[in-house]
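Remarks on the structure that follows.
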Amino acid sequence: MKKDAFIVFLLVNLMIPGYSLTAQQLFLKGDKEVSTGIGFGSSYINKGYSTQSPPLSITFDYALRDDWGPGVFGVGGYIGSAFYRYRSINPVTGNMFGYNYSALTLGARASYHYVFTENLDTYVGLVLGVRFSSDNPSGDHEHADSKPDQALSNVNTLLVGAKYFFSSNFSTFTEISLGYGIPYFTLGVGCKF
């Protein structure tokens, strides 16, 4: 599935006519950008769970400073959600049992953007925040009638990303996350205003 998503991302980038932006036009001090993405792979859940809904995210970036070296320092926020399901057969009764898991992640985001070539904004960043999660037992389960397990945990992850701008305001992006709490790989689109 990861391979298919990457192929789609490449095809979209190759099919849209070229649009040239210089490095100075991509992410300037005062720029704001909202992006939405779909995640692949996650530290949210253990093996055995199947994805009910892929992790979805919305991010906001604000170009705060352009006087810290050759790039631009940005700050913003991160909102992400994920829903998973685990199902199995009770070996004693033969009936189905399982868990429904949901998570909402809220975080602050900091990033440093540097443009190596036209139209391509590359960056490294950090997300720090919290994840609210709930794990509900269901089916023929010894805890099926109990209240859901709820937890609050820390989110901390480093990320590396790239945004390709098709116009001065529209981009596609990919991010790789190295840490805990958000998907390992995210593809999406962004709009700068």
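Tabulate in residue order the Karplus-calculated ³J(HN,Hα) for the stretch 92-109, using 6.51 cos²θ - 1.76 cosθ + 1.60 with θ = phi - 60°, rounded to whole Hz; enter x for Gly and Pro.
Per residue, the Karplus-derived 3J(HN,Hα) values read 7, 9, x, 8, 6, 9, x, 9, 10, 10, 9, 9, 10, 10, 10, x, 9, 10 Hz.
What ranking of Ile79, Ile182 comes out by heavy-atom accessible area, probe 1.4 Å, highest first?
Ile79, Ile182
Are there any chymotrypsin sites (Phe, Trp or Tyr not before Pro) in the stretch 62-99 that are in a DSSP loop and have at most 10 other Cβ atoms within 10 Å? List them by number.
The qualifying sites are Trp68.
Kindly write out, for the stretch 170-186 in residue order, the coupling ³J(HN,Hα) from the Karplus curve 6.51 cos²θ - 1.76 cosθ + 1.60 (θ = phi - 60°), rounded to whole Hz, with x marking Gly and Pro.
After applying 6.51 cos²θ - 1.76 cosθ + 1.60, I find 10, 9, 10, 9, 9, 9, 10, 10, 10, x, 10, x, 10, x, 5, 9, 10 Hz.
The values are calculated or read from the model by the stated rules, or taken from the named source; none is laboratory data. These numbers were taken from a predicted model, which means no experiment stands behind them. Here Cβ is always computed from backbone atoms with ideal geometry, including for glycine, and neighbour counts include all displayed protein chains. For accessibility, only protein heavy atoms count, side chains too; no ligands or nucleic acids. Shrake-Rupley method; radii C 1.70, N 1.55, O 1.52, S 1.80 Å.
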